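One structure is given below, encoded as structure tokens.
The values are calculated or read from the model by the stated rules, or taken from the named source; none is laboratory data. No experiment lies behind these values; they were computed from the predicted model shown. Here Cβ is always computed from backbone atoms with ideal geometry, including for glycine, and neighbour counts include all displayed protein chains. Quick note on the areas: whole protein, heavy atoms, side chains included, nothing else; ligands and nucleic acids left out. Shrake-Rupley method; radii C 1.70, N 1.55, O 1.52, S 1.80 Å.
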Amino acid sequence: MRVVKVFDRFFEVNGNLKVGEIVKAGDCLGVVVSVVGEEPEYAKYIGELSRDEIKAYMPDILERTVVSRCYILKGMGENVSPEVGEEVCLVSDEDLKKFHTKDGEFRMPYFYNLLKTCDIDITKKILLRLKKVFENEEIIDILIKEVEYMMMHHMK
Amino acid sequence: MPNQINLFPSELVFYKMFESKIISAEGLKKFKNFVEESYRGIDKQKKEFEDVVSTLKFGKLNEKSRKWAIKVLKGLRVVGVDGSQIKPLREFGIPIGAVQVAAYSVDHGFGKWNVNYLSKILKLEENVDVVRYSMEMYMLKKKMDGKSYLFYDGSFSPSFAKELNPKICKIYLESARKVLKNSEETKTPVFGYTDRSYAKDIAKSFGLDVYDTFLLEGMDFASYTEPMESGNLCYSYVKFSPSLPSRIEFPCWMLKKFNSFIKIVFAECLLGSTFAYPFVLERAHKYAVISEKERRTIVEMIKKAKISFKWISKLR
């Protein structure tokens with residue numbers, strides 16, 4: 001998977017990821033906020049052949065191109081965005097820890113912007129992932145409760 | 001009106017030139033007249049064309065369904081080769097070009113497929129067209145394994161090559177010659193498929209100056225001319241669509257099995273989205289093409305790398 005486009009606080013990846021997954025692209029950390037699949041080319045070839053026959057004789061026309069849009073959570077430095085063509089992978093626990101630790105303490109400086117920009121459910125997914133890495137951080141529990149309250153409030 | 005024959009070649013360039021835009025009332029009128037004049041010329045020769053066509057032999061395929069096509073192609077590995085290019089300066093604003101060649105391979109009936117690429121970044125001084133053609137021929141050679149059926153989107157005797165300077169012409173012809181030779185040595189069938197051919201081989205042999213496809217416009221659907229030889233190459237015209245016939249070329253060793261090969265060509269065309277152009281070439285084209293998005297990405301990368309004309313000129 002690679003970065004195919006960078007704009008504002010977002011970048012796009014040519015790969016099938018899941019909404020809420022956290023990825024690493026160079027020095028940047030991003031969260032998947034949407035996944036858009038382009039229609040397969042099947043429609044152009046539709047006709048007398050069954051789907052199984054198409055799969056056997058023209059296999060690649062059934063494949064979908066998927067682009068995942070990611071919100072930039074954090075760069076190692078300030079205002080860092082990934083380069084087009086940069087390799088993208090799911091972030092490891094180790095990297096996640098590194099990205100969220102400063103002077104030995106847990107930091108989540110993007111929290112406010114994330115809430116402002118992205119779906120609240122995505123924020124919750126990030127917090128749940130962080131909780132697995134920072135098991136003893138009470139602040140994460142508080143934030144999760146806060147987000148759940150906001151979700152309930154929103155439903156009302 | 002000046003007599004065209006009495007003009008010097010340099011004056012001939014300016015003959016019928018006009019002082020307005022092409023897309024203007026005058027320009028469009030001239031354009032329309034030009035087309036009508038050309039058609040009138042063809043109409044005048046129609047009787048001669050009919051005489052020529054009546055001397056040619058044609059074959060016909062009776063099956064026209066995709067069900068028939070998959071029966072023909074079952075178990076065959078078919079490969080399509082096509083390339084694309086970015087010319088220096090015109091699209092970049094800087095003297096770098098690029099060629100990308102794709103070989104799309106499918107094992108019909110088994111659902112297996114893959115794409116291989118060959119790419120090259122070029123300097124301004126390099127001829128993009130000739131590099132692309134050579135790379136396409138090289139890719140075809142690489143795919144000759146004695147098991148696959150290869151399709152190439154173009155000609156093995158490009159008519160324009162003879163009009164180029166002898167050095168360039170030699171590269172074109174030599175690249176194609178190697179493919180034809182290797183095809184025979186490895187017994188790998190290869191077809192050059194030209195959707196819109198401007199060859200005049202048949203017409204010239206009858207002393208006419210017209211494109212063969214115009215001459216053969218009236219061919220029946222799903223018919224083909226019996227193959228003809230031209231040096232180490234054979235060619236045939238096939239009509240798989242309501243428009244003009246297409247031209248296929250292949251090495252002469254394939255002549256003996258032409259009747260079974262033509263079925264493969266037709267079957268591939270029936271699988272295509274238009275029913276008139278080989279499926280594997282449609283796919284090869286899709287993978288080879290350098291999209292607008294990719295072009296923008298390349299330009300952005302070059303801008304970021306701060307490559308300048310001055311910098312490149314120092315590399316030479």
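Among the residues making up segment A:84-121, a single one is within 14 Å of another protein chain (Cβ to nearest Cβ) and either under 14 Å from the mean Cα position of the chain (by Cα) or open to solvent by 50 Å² or more (accessible area, probe 1.4 Å) (or both): A:GLU86. Taking segment B:287-303 as the range and being within 13 Å of chain A (Cβ to nearest Cβ) and either outside any helix (DSSP H, G or I) or touching a strand residue (DSSP E or B) at 6+ places or on another chain (Cβ under 8 Å) (or both) as the test, the residues that pass are B:TYR287, B:SER291, B:LYS293, B:ARG295, B:THR297, B:ILE298, B:ILE302. Within segment B:204-214, the set of residues being open to solvent by less than 20 Å² (accessible area, probe 1.4 Å) and under 19 Å from the mean Cα position of the chain (by Cα) comprises B:VAL210, B:ASP212, B:THR213. Taking (1) over 14 Å from the mean Cα position of the chain (by Cα); (2) among the β-branched types (Val, Ile, Thr); (3) open to solvent by less than 40 Å² (accessible area, probe 1.4 Å) in turn, B:ILE171 satisfies each apart from (3). Inspect all residues belonging to segment B:107-123 and state whether any of them is free of Cβ contacts under 8 Å to residues at least 12 places away in the same chain and away from chain A (no Cβ under 14 Å). Within segment B:107-123 (the criterion being free of Cβ contacts under 8 Å to residues at least 12 places away in the same chain and away from chain A (no Cβ under 14 Å)), the answer is no, since none of the residues qualifies. Looking at segment A:31-83, which of its residues are in contact with a Leu (Cβ under 9 Å, 6 or more places away or on another chain), open to solvent by 30 Å² or more (accessible area, probe 1.4 Å), within 14 Å of chain B (Cβ to nearest Cβ) and not in a loop (DSSP other than H, G, I, E, B)? If the condition is that a residue be in contact with a Leu (Cβ under 9 Å, 6 or more places away or on another chain), open to solvent by 30 Å² or more (accessible area, probe 1.4 Å), within 14 Å of chain B (Cβ to nearest Cβ) and not in a loop (DSSP other than H, G, I, E, B), then A:TYR42, A:ARG51, A:LYS55 are the ones that fit. Number of residues in segment B:192-209 that are in contact with a Phe, Trp or Tyr (Cβ under 8 Å, 6 or more places away or on another chain), among the acidic types (Asp, Glu) and within 19 Å of B:LYS162 (Cα to Cα) equals 1. Within segment B:97-119, the set of residues being surrounded by fewer than 22 Cβ atoms within 10 Å (Cβ to Cβ), out of contact with any Pro (no Cβ under 6 Å at 6 or more places or on another chain) and farther than 16 Å from B:VAL289 by Cβ comprises B:SER105, B:ASP107, B:GLY109, B:PHE110, B:LYS112, B:ASN114. Looking only at residues of segment A:137-155 that are closer than 19 Å to A:VAL31 by Cβ and touching a helix residue (DSSP H, G or I) at 6+ places or on another chain (Cβ under 8 Å), we find that the one that is surrounded by the most Cβ atoms within 10 Å (Cβ to Cβ) is A:ILE140. Against the numbered list (1) modelled with pLDDT of 95 or more; (2) touching a Phe, Trp or Tyr at 6+ places or on another chain (Cβ under 9 Å); (3) more than 14 Å from chain A (Cβ to nearest Cβ), B:MET135 comes up short only at (2). Of B:SER134, B:SER157, B:SER175, B:SER205, all but one fail to be in contact with a strand residue (DSSP E or B) (Cβ under 8 Å, 6 or more places away or on another chain) and among the polar types (S, T, N, Q); the exception is B:SER157.
So the check is Cβ under 7 Å with 6+ separation or different chains; which pairs have a first residue in segment A:1-29 that's within 14 Å of another protein chain (Cβ to nearest Cβ) and polar (S, T, N, Q) and a second one that's buried (at least 16 other Cβ atoms within 10 Å of the Cβ) and in a loop (DSSP other than H, G, I, E, B)? From segment A:1-29, the pairs are A:ASN14/A:MET1. Within 12 Å of another protein chain (Cβ to nearest Cβ) and at pLDDT below 75: does that describe B:LYS306? So B:LYS306 does not fit the description; no.
For B:LYS21, the criteria (1) within 14 Å of chain A (Cβ to nearest Cβ); (2) touching a helix residue (DSSP H, G or I) at 6+ places or on another chain (Cβ under 7 Å); (3) open to solvent by 80 Å² or more (accessible area, probe 1.4 Å) hold in every case but one, which is (1). For segment A:122-136, filtering for residues that are charged (D, E, K, R) and open to solvent by less than 60 Å² (accessible area, probe 1.4 Å) leaves 2. B:ASP145 falls short on exactly one of the conditions (1) of a type in the set (Asp, Glu); (2) open to solvent by less than 10 Å² (accessible area, probe 1.4 Å); (3) under 30 Å from A:ASP52 (Cβ atoms), and that condition is (2). Look at B:SER157 and say whether it is within 20 Å of the chain's Cα centre (by Cα) and either among the polar types (S, T, N, Q) or open to solvent by less than 30 Å² (accessible area, probe 1.4 Å) (or both). Considered against the rule, which asks whether it is within 20 Å of the chain's Cα centre (by Cα) and either among the polar types (S, T, N, Q) or open to solvent by less than 30 Å² (accessible area, probe 1.4 Å) (or both), B:SER157 comes out as yes.
I'm trying to understand the selection: among the residues of segment B:56-72, which are within 13 Å of chain A (Cβ to nearest Cβ) and open to solvent by 30 Å² or more (accessible area, probe 1.4 Å)? Matches in segment B:56-72: B:GLU63, B:LYS64, B:SER65, B:LYS67, B:TRP68, B:LYS71, B:VAL72.
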